[in-house]
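Quick notes on the structure that follows.
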Amino acid sequence: SARMHTTLAILGGRPAFPDPLHVGRPNVGERAALMRRFNEMLDRNWLTNDGPLVKEFEREVAAHAGVEYCVAMCNATVALEIAIRGAGLKGEVIVPSYTFVATAHALQWQEITPVFCDIDPETHNLDPNKVERMVTPRTTGIIGVHVWGRPCAVESLTEIARRRNLTLLFDAAHAFGCSHHGRSVGSFGLAEVFSFHATKFLNSFEGGAVVTNDGAFAAKLRLMRNFGFSGYDNVIYIGTNGKMTEASAAMGLTSLESLETFVAANRRNYEAYAAEIHDIPGLKLLPYDARERNNYQYIVLEVDARAYGLTRDEIVAVLHAENVLARRYFYPGCHRMEPYRSYHPHAGLLLPETEAVAARVLLLPTGTSMEVEAIHDIGRILRAARSEVSAVRRAIEVSTPVVVNGAS
Ligand code: T4K
């Protein structure tokens, strides 16, 4: 771990950390178990196409999520695309803009219009009170996102979907291992989609899955994942290649065996950050509901620029100078990314809370590779920056070239 120097790096001191601390360092389980699975896989010479490790991983994920069916995929973006297509969504689908752009792209990729709905600033998730007014005659569905693994307003969305005859899916990319009112995320709506990307709580290098209790839907997705093949020569749907490899399933199964270790590390980090941050004016650590199961995978800080004295972006500059690579997820919101920005240039007018949250959030490094001592150092940096606000601001002003709109 790093020693703290008295001078902040942005003011000319040496960076607190010699090597970058990333948001999204993978959690890796037992290496020997992974290598054993790789060897067995190579001995079998069965590498993909619904192999035994993928089948085992699907059973395990379904059991963890408390659902009947799991269809593993190559990543969550393709899993979303296949679930959306399998559910027959078309026209318009209501989604938050405050999400990773993949949620919107999975729709637009198949010419379905994502209609961006504003969020509740407390939860960072779809505001159910604003969802219904986004419904038009072209609306066919709603995709709720459990941002940071904190479940969205499942009951209200379910009720709106039922009343307006809409299909409800959930992007649960962040929420493997989390619960809502004691029930595991995975069984809400028609289906939910997990991501097992390297940066996620549970990783399979790349990977994703659709989980559902609807057997016919699961069977359909299974065919669509494999080009629509039903048996050797018989194609009965349009399909794509969404298959998970055996190597990914080997990693996923190995990760599953260490889930408790991952949660414990994340939780320890979360508590260490909470202890550092609770008395710094202008900074708030987004809480997890202690009555639920959480994976504590994201350390989400909200900056009140007036109370702290520096803006979120200025704090990010301070941290980056120290080699703490804080991230601004999901700035600036999908509606400010292409092609959505060009299609709907005024979407922001309906998304005031999305814009406000995207302007004040930053994510800090956590996970099994993060040490508590480093979190103490980050706490000291955040306190030091607050006591030297004007010097920090001057340093940023002279070092940051004026960015001309449109120039890269
Ligand atoms: N829905 C939601 C709500 C999502 O958040 C995501 C993905 C999806 C859907 C789609 O799921 P997938 O199709 O990916 O399964 C990252 C991830 O690539 C992405 O999976 C994730 N959300 C998103 C929130 O974050 P980037 O572009 O920020 O990734 P990148 O390359 O900057 O990686 C983050 C940091 O992690 C790096 O700075 C370094 C570190 N890292 C990364 C990798 C891959 C490592 O240390 N080792 C590694 O192997 O999108």
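The values are calculated or read from the model by the stated rules, or taken from the named source; none is laboratory data. Treat the numbers as computed from the prediction; the structure is a model and nothing was measured. We place every Cβ from the backbone using ideal geometry, glycine too, and count neighbours over all the protein chains shown.
Taking segment 70-97 as the search range and keeping residues that are assigned to a helix (DSSP H, G or I) and charged (D, E, K, R), which one is nearest to Cys334 (Cα to Cα)? Only one residue fits best here, namely Glu81. All told, Leu47 falls short of being touching a helix residue (DSSP H, G or I) at 6+ places or on another chain (Cβ under 6 Å) and in a helix (DSSP H, G or I). Scanning segment 230-246 for residues that are closer than 18 Å to Phe194 by Cα and among the small types (Gly, Ala, Ser) returns a single hit, Gly242. Counting only helices (runs of 4 or more DSSP H) wholly contained in segment 280-348, the ones carrying 1 or more residues that are β-branched (Val, Ile, Thr) and in contact (Cβ under 8 Å) with a residue 40 or more places away in the chain occupy 312-321. Flag: Thr400 matches the condition of being hydroxyl-bearing (Ser, Thr, Tyr) and modelled with pLDDT under 95. The residues of segment 206-219 that are of a type outside the set (A, V, I, L, M, F, W, C), buried (at least 20 other Cβ atoms within 10 Å of the Cβ) and away from the ligand (no atom under 16 Å from the Cβ) amount to a single one, Thr212. For Val95, the requirement of being crowded, with 22+ Cβ neighbours inside 10 Å and more than 21 Å from Leu166 (Cα to Cα) is not met. The condition of being of a type outside the set (A, V, I, L, M, F, W, C), more than 16 Å from the ligand (Cβ to nearest atom) and at negative phi holds for only one of Arg25, Arg36, that being Arg36.
Has segment 98-111 got at least one residue that is crowded, with 24+ Cβ neighbours inside 10 Å, among the aromatic types (Phe, Trp, Tyr) and under 21 Å from the mean Cα position of the chain (by Cα)? Looking through segment 98-111, at least one residue is crowded, with 24+ Cβ neighbours inside 10 Å, among the aromatic types (Phe, Trp, Tyr) and under 21 Å from the mean Cα position of the chain (by Cα). Only one of the numbered conditions (1) within 16 Å of the ligand (Cβ to nearest atom); (2) outside the structural domain of Arg386 (by TED's automatic domain parsing); (3) closer than 26 Å to Thr366 by Cβ is violated by Val95, and that is (3).
Number of residues in segment 196-226 that are part of a loop (DSSP other than H, G, I, E, B) and either on the phi > 0 side of the Ramachandran plot or not acidic (Asp, Glu) (or both) equals 12. With the structure loaded, tell me whether Thr123 is farther than 12 Å from Ile160 by Cα, in contact with a Cys (Cβ under 9 Å, 6 or more places away or on another chain) and at pLDDT 95 or above or whether it fails that test. Against the criterion (farther than 12 Å from Ile160 by Cα, in contact with a Cys (Cβ under 9 Å, 6 or more places away or on another chain) and at pLDDT 95 or above), Thr123 qualifies. Checking each residue in segment 65-91 for being near the ligand (Cβ under 10 Å from one of its atoms), in contact with a helix residue (DSSP H, G or I) (Cβ under 8 Å, 6 or more places away or on another chain) and either at pLDDT below 95 or under 20 Å from Pro52 (Cα atoms) (or both) picks out Met73, Cys74. Taking segment 222-261 as the range and being acidic (Asp, Glu), surrounded by fewer than 21 Cβ atoms within 10 Å (Cβ to Cβ) and farther than 27 Å from Leu285 by Cα as the test, the residues that pass are Asp233, Glu257. Within segment 1-25, which residues are crowded, with 17+ Cβ neighbours inside 10 Å, at pLDDT 95 or above and in a loop (DSSP other than H, G, I, E, B)? If the condition is that a residue be crowded, with 17+ Cβ neighbours inside 10 Å, at pLDDT 95 or above and in a loop (DSSP other than H, G, I, E, B), then Leu8, Pro15, Ala16, Phe17, Val23, Gly24 are the ones that fit. Every test in (1) exposed (fewer than 14 other Cβ atoms within 10 Å of the Cβ); (2) in a helix (DSSP H, G or I); (3) assigned by TED's automatic domain parsing to the domain that holds Thr199 is passed by Ala264 save one, and that test is (3). Only one entry in Ala191, Ala161, Ala250, Ala175 is on the phi < 0 side of the Ramachandran plot, hydrophobic (A, V, I, L, M, F, W, C) and without any contact (Cβ under 8 Å) to a residue 40 or more places away in the chain, namely Ala161.
Evaluating Ser342 against the criteria (1) within 16 Å of the ligand (Cβ to nearest atom); (2) surrounded by fewer than 17 Cβ atoms within 10 Å (Cβ to Cβ); (3) among the polar types (S, T, N, Q) leaves one unmet condition, (1).
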